[in-house]
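Report on the following structure.
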Amino acid sequence: MSAPLQGLIVALVVAFSLLYSTWRLLSARLRIRVLDLLARIPGLRDTAAFAALRARAVARLAAACGACAPAPKSAASRKQTPGALRRS
């Protein structure tokens, strides 16, 4: 493989990684805004992948913190925790 081709492949991988990590760190609200902006591109809105991505973002926004597990009422004491050292 030639050096310019390798450089191009590395640049594409880095750009994809940057986009992916940015997408994963965005909040659901910002993801929907980005998807709304991308929907203006002709033909993109009608694709199945775009519709699935938007549906997932909307579902995540609708779930909000209700999808999280509830916090425990109180922390277990060390005597109740298996494998913990005994307190005297």
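Quick note: the coordinates plus some simple rules give every number you see, no bench work behind them. Quantities reported herein were computed from a predicted structural model and do not represent experimental measurements. Virtual Cβ from ideal backbone geometry, glycine too; neighbours counted across all protein chains shown.
Tabulated results
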| item | result |
| --- | --- |
| Residue among Ala49, Leu25, Ala62 farthest towards the positive dipole end of the range 3-65, charges placed on Cβ | Ala62 |
| Compactness index (Cα Rg / 2.2 N^0.38 Å), the range 3-65 | 1.39 |
| Rounded to the nearest 20 debye, dipole of the range 3-65 from Cβ charges on Lys, Arg, Asp, Glu | 260 |
